[in-house]
Amino acid sequence: MAESVFWSALLVVAYVYVGYPLALLIWSRVAPRPVRKRDIEPAVSLVIAMHNERDNVTRRMRDCAELDYPASKLQVVVSLDAPTDGTAELLEPWKTSGVTVVESAVRAGKAVAVNNGIAAAAGEIVLLTDARQRFEPDVIRKLVANFADESVGAVSGELVLLDKEGNEAADTVGMYWRYEKALRFMESAIHSVPGGTGSIIAIRRELFTPLPAGTVLDDVLTPMRIVLGGKRAVFEPAARAYDAANLNLALEYARKKRTLMGNYEIFAAMPELLAPWRNPIAWQMASHKAGRLVVPWCLAALIAANLFLRHGIWLWVLAAQIAFYALALMGRFFPVRAARVAYTFVLLNWAAVAGLYHFVRGHEAFWNVSRSEEMKCQA
């Protein structure tokens, strides 16, 4: 019995992190489904949801003003979620430059702010983003070229995380994010990505359905609704946004906990996402999104089963597992690369367990895009 549990758990972990990417690689090479791109200039509304962004709002507005897109076809909408730090006042001069500001007097969360922003959007295409990021000037052109293909309903760009020197982050979080982007590139090549990047995702305005208040992962719910409606949600790596990498693993853990809590929320609200007869990318959802929720329990099963197998080669396997977790613990205190990789792996998997706890307890994941308050869970 213990051996069966061990091998089953190991098979799941190996599939999620190795088998699934390998299957994607083969499929994307053998039977790709390219997007028929073409240079087009539809009317675009750039919608930015903000709470307290005093430190970012002016720089973000300047960044929007420098975008390489006809001013007559670009609308900038800022949707404020009851800021208290002077963000609204800093936006006043930009109203005369054509920026549309929608303000909520009562804090209602990001989902409501997004709904309000899109309600004020006039463009055929809506580009959703946050306050922190910086766009490359041609980002809109790169994104909208994909909408020349009528099968495409949503396009997610590439978020590049930068270190303190301004280079693409190569630390453990940067490595993880590059792995994620590689998966998205291959998923897009065969059909659609099971979710987008909230800081740079464009959709056809007509396909948007208002988000339920309190939605945690609007950047998964919106594109997946579009996929269920028969369109594709693709990844465009040439459309780039830049943000500072989160070098604080405690904050990265909080962000990941919030994200994984949102995954539980999505699956509970939309079980059809895992139904192949309903969702054309059910395999991707199960392997990429649901698989990440299962892995922590499989890791626990591996060591639990191994405790009942303490003879012969199994003693070496148990020793290897203990050594790995000891290495991860060392990574908590010392900046040794191998130890930090192990620590990050364990921490992000533990975030899935914590996310389930907060989901079951009905805690509220209230958005706040500032780095100092990436997540707040309230009982």
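The values are calculated or read from the model by the stated rules, or taken from the named source; none is laboratory data. For clarity, every value in this text was computed on a predicted model and none was experimentally measured. Neighbour counts are summed over all protein chains in view; Cβ atoms, including those assigned to glycine, are modelled from backbone coordinates with ideal geometry. Ligands, DNA and RNA are excluded from the accessible area calculation, which covers all protein heavy atoms including side chains. Shrake-Rupley method; radii C 1.70, N 1.55, O 1.52, S 1.80 Å.
So the values come out like this:
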{"quantity": "Normalised per residue, the volume of the convex hull around the Cα set of the stretch 140-293 (Å³)", "calculated": "112 Å³"}
{"quantity": "Of W177, N146, N167, farthest towards positive along the dipole that unit charges on Lys, Arg, Asp, Glu beta carbons give the stretch 146-186", "calculated": "W177"}
{"quantity": "The stretch 1-154: Rg to Rh, with Rh as the Kirkwood radius over Cα pairs", "calculated": "1.16"}
{"quantity": "Modelled FRET efficiency - R0 51 Å, S72 with L251, Cβ distances, 0.05 increments", "calculated": "0.80"}
{"quantity": "For A49, residues with placed amide H under 5 Å, excluding near neighbours", "calculated": "S79, T129"}
{"quantity": "Fraction of accessible area attributable to carbon and sulfur, the chain (%, probe 1.4 Å)", "calculated": "62 percent"}
{"quantity": "Per DSSP, loop chymotrypsin sites (Phe, Trp or Tyr not before Pro) in the stretch 231-331 with at most 14 further Cβ within 10 Å", "calculated": "W277, F308"}
{"quantity": "Translational D in µm²/s for the stretch 261-339 (Stokes-Einstein at 4 °C, 1.567 mPa s, Kirkwood Rh from C-alpha pairs)", "calculated": "84 µm²/s"}
{"quantity": "Viscosity 1.002 mPa s, 20 °C: Kirkwood-radius Stokes-Einstein D of the stretch 78-174 over Cα pairs, µm²/s", "calculated": "133 µm²/s"}
{"quantity": "With Cα atoms, 0 to 90° folded angle of helix 291-307 axis to the chain main axis", "calculated": "20 degrees"}
{"quantity": "Between helix 2-14 and the chain: long-axis angle, C-alpha atoms, 0 to 90°, nearest 10", "calculated": "30 degrees"}
{"quantity": "FRET efficiency estimate (nearest 0.05) - Cβ-Cβ, T84 to A326, R0 35 angstrom", "calculated": "0.20"}
{"quantity": "The chain: antiparallel DSSP beta bridges as a percent of all, rounded to 5", "calculated": "30 percent"}
{"quantity": "C-alpha center-to-center spacing [the stretch 247-325, the stretch 149-193] in angstrom", "calculated": "21 Å"}
{"quantity": "Amide H contacts of E103 (H built 1.01 Å from N, under 5 Å, at least 5 apart or other chain)", "calculated": "L80"}
{"quantity": "Contour excess over end-to-end distance, with Cα ends at L162 and V30 and 0.36 nm allotted per residue", "calculated": "44.2 nm"}
{"quantity": "Whole-percent pair-distance distribution, where bins are 20 Å wide, for the alpha carbons of the chain", "calculated": "27, 57, 15, 1"}
{"quantity": "In degrees, nearest ten, helix 110-119 long axis to first principal axis of the chain (Cα)", "calculated": "30 degrees"}
{"quantity": "Per residue accessible area of the chain, 1.4 Å probe, in Å²", "calculated": "45 Å²"}
{"quantity": "Computed over the stretch 170-222, Cα set: Rg, Dmax in Å", "calculated": "13.4, 40"}
{"quantity": "Relative contact order computed over the chain (Cα-Cα under 8 Å; 6+ residues apart), in percent", "calculated": "20 percent"}
{"quantity": "Of K73/K289; K95/K164; K110/K256, those spanning more than 26 Å from alpha-carbon to alpha-carbon", "calculated": "K73/K289; K95/K164"}
{"quantity": "CD proxy at 222 nm, helix term only [per DSSP H run n ≥ 4: -39500 (n - 2.57); per residue of the chain; nearest 500]", "calculated": "-14500 deg cm²/dmol"}
